[in-house]
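The values are calculated or read from the model by the stated rules, or taken from the named source; none is laboratory data. Not measured: the values here are computed from a predicted model. Neighbour counts are summed over all protein chains in view; Cβ atoms, including those assigned to glycine, are modelled from backbone coordinates with ideal geometry. Just the protein is used for accessible areas: all its heavy atoms, side chains included, with ligands, DNA and RNA removed. Shrake-Rupley method; radii C 1.70, N 1.55, O 1.52, S 1.80 Å.
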Amino acid sequence: MSQYTEEIQKRRTFAIISHPDAGKTTLTEKLLLYGGAVHEAGSVKARKSARHATSDWMAMEQERGISISTSVMHFEWAGCEMNLLDTPGHNDFSEDTYRTLAAADSAIMLIDAVKGVEPQTIKLFKVCRMRGIPIVTFINKMDREGRDPLELLSEIEDVLGIPTSPATWPVGQGKNFVGVYDRWNKRLLKFERAAGGSNRVPIVEGSLDDPALKSEIGQRAYDDLKDGLELLDGAGSDFDRDAFLSGQMSPVFFGSALTNFGVEPFLDSFIGLAPAPRNRLTEAGDVVAPDDEAFSGFVFKIQANMDPRHRDRIAFFRICSGRFERGMQATLQRTNAKMTLSKSLMFMAQERSNVDEAFAGDIVGLWDSGQLHIGDTLYTGKAVRYEGIPRFSPEHFVRVVLRDPLKRKQLKKGLDELSEEGAVQVFYDLERMERDPILGAVGRLQFDVVQNRLQNEYNVNVSFDALPYQHARWIDGSLDPAEISRRSGTLCLRDIEDRLIVLFSSEWMMQRIIDDYRDKPVTFIAAVQPGRKV
């Protein structure tokens, strides 16, 4: 057993996935509140105050009340070191979310009790299932009049195709929501309301047979509670931990992040459910155990200018094995260069603190001068290369219009750096003329982010002309770009790594051209690995 085993077993590294407006940022704040990382939770809806969501540091996030970039937050709970990856909830930022899930060992799937399973949740669930990530479900907003709990469970199972096992069950709903019944420990947990939900709420343990409960939530809600529990006891799925760890079953919790109801029992159960850091596969198919003595890990995100006072560039690094020490030397696998990791940070939204030591499962911010790229592996000892993090084909495209031609050098620098971060994809014409670059993004709102950051961080004023393309595919094989460019509804470009990519005006046009080349040595690819030819 490694000397690091005890520390590694304390780590829980997880992400929260949800559709926009399901309450993800609010739940994040409440987890931090209960973990003691913040003393008072602010609400995204509290626009009258100067507070903003703890995890949203970018000016545009504060202005719009949404999470744009992935934040990494650390807190402690019941002796465990919790690393929370707060992924963007807005459906325009799904690519950043996909990358972040590569660094997570488990995920919390947040479901709106009023709206049920929504499109973005479905997309992110599929990514988790593809990666074999265990998912714990939290059905939120039980303080509102929403859907029947049994109906919500059925929808999760039918739409997502995953069996559920309720760990808690709501006691009442809407204004009558007073607590949850802990099915696993056979206890009733009632909560006392706190003003604005900004502080932890007291819990009173009670009994289902308490006459006061019936009068408090009403006869109908009480009957529904008893009937629901009897149905679950008779026909519900028993929790299977092995199935959960393999991503084939999801335990379900009910609550209200806004009022804090159900948050504490959820956290208590989550640390027992969520796995500690597990083995990781390399590209060669080798297995790296978290308690291996040799240090290794990978970069899953790069963010420049997090601190507007310093033009910094931070690489978010997931440790997969061994022990990190500030000042240690590691090898960058892509270039075989030695790097001294002398500046290392941990984050609480905008707040950052130096970290001298970290273990497998931890997320460390490494100060970067430009050497590191998304997907890079760092290691000591035997050479290792972790599976890369793909870039997905964009669905929206614009041509950049530079307002001041004298700023062209600054524009190129800005676009190069933003592309390295994964904020946007940059394309040029076939001759690599860089005068009118084209940008591609998974969601349109990403263009607003790029425009805002070019102005504020690089002093470059641009506008965008929308282009009539909806799909893109990289090309692997022998293909004459001029030939395909003659087809209507297409545009051939080269990406920043000189790979050929074709833009299509519609899915029909894309499928037609793919069919035309089906018998030729050409493959159309929807995702590529940065730093590698297709």
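Grab the beta carbon distance between GLU145 and GLU192, set R0 = 30 Å, and tell me the FRET efficiency rounded to 0.05.
0.90
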(request) Report relative contact order for region 154-219 in percent, whole number only (criteria: Cα-Cα under 8 Å, sequence separation at least 6). (result) 21 percent
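Given 0.36 nm per residue, what is the gain on full extension from GLU283 to GLU457 after removing their alpha carbon distance, in nm?
59.0 nm
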(message) If you count only protein heavy atoms with a 1.4 Å probe, what accessible area per residue comes out for region 113-186, rounded to a whole Å²?
(response) 38 Å²
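Quick check on region 357-412: what does the Kirkwood estimate of hydrodynamic radius come out to from the alpha carbon pairs, in Å?
16.1 Å
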(message) Using helices alone, I'd like the mean residue ellipticity at 222 nm for the chain: each DSSP H run of four-plus residues gives -39500 (n - 2.57), total over residue count, nearest 500.
(response) -7500 deg cm²/dmol
(message) Using square roots of five times the C-alpha gyration tensor eigenvalues, list the equivalent-ellipsoid semi-axes of region 106-249 in whole Å, biggest first.
(response) 27, 17, 15
(message) A 25 angstrom limit on the alpha carbon distance is what I want to check against. Which of LYS123/LYS413; LYS24/LYS115; LYS115/LYS175; LYS123/LYS301; LYS126/LYS520; LYS30/LYS141 exceed it?
(response) LYS123/LYS413; LYS126/LYS520
(request) Run down the aspartates and glutamates and flag those whose C-alpha is under 15 Å from the C-alpha of LYS407, throwing out any fewer than 8 positions away in its chain. (result) ASP416, GLU434, ASP436, GLU457
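Taking the Cβ-Cβ separation of SER353 and MET328 as r and a Förster radius of 25 Å, what is the calculated FRET efficiency to the nearest 0.05?
In this case the efficiency is close to 0.85.
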(message) Kirkwood Rh and Cα-based Rg: tell me the resulting Rg over Rh for region 339-460, rounded to two decimals.
(response) 1.03
(message) Could you tell me the relative contact order of the chain? Use alpha-carbon pairs under 8 Å, at least six residues apart, and round to a whole percent.
(response) 13 percent
(request) Work out, in µm²/s and without decimals, the Stokes-Einstein translational diffusion coefficient of region 220-344 at 37 °C, 0.692 mPa s, Rh from Kirkwood over C-alpha pairs. (result) 169 µm²/s
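Could you report region 442-521's accessible area per residue, 1.4 Å probe, as an integer in Å²?
So region 442-521 comes to 49 Å² accessible per residue, rounded to a whole number.
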(message) Along the Cα→Cβ direction, 7 angstrom out, place labels at SER485 and ARG408. What is the inter-label distance in nm?
(response) 1.9 nm
(message) Whole-Hz ³J(HN,Hα) for each residue in region 117-128, computed from phi via Karplus 6.51 cos²θ - 1.76 cosθ + 1.60 with θ = phi - 60°, x for glycine and proline: what do you get?
(response) 6, 10, x, 5, 4, 4, 4, 6, 4, 4, 5, 4
(request) With 5 Å bins from zero, work out the P(r) of region 112-178 over every alpha carbon pair and list the percent per bin. (result) 3, 15, 27, 25, 15, 9, 4, 1
(request) Normalising by the residue count of region 146-287, find the relative contact order in percent from Cα pairs under 8 Å and 6+ residues apart. (result) 26 percent
(message) Just the number: Rg to Rh for the chain, Cα atoms, Kirkwood Rh, two decimals.
(response) 0.99
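Give me the percent of the accessible area of the chain that comes from carbon and sulfur atoms, probe 1.4 Å, all protein chains in place.
47 percent
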(message) If you consider only alpha-carbon coordinates, what radius of gyration and Dmax does region 399-506 have, in Å?
(response) 14.0, 42
(request) Provide the three semi-axes, in whole Å and in decreasing order, of the ellipsoid equivalent to region 275-416 as defined by the square roots of 5 times the Cα gyration tensor eigenvalues. (result) 31, 19, 14
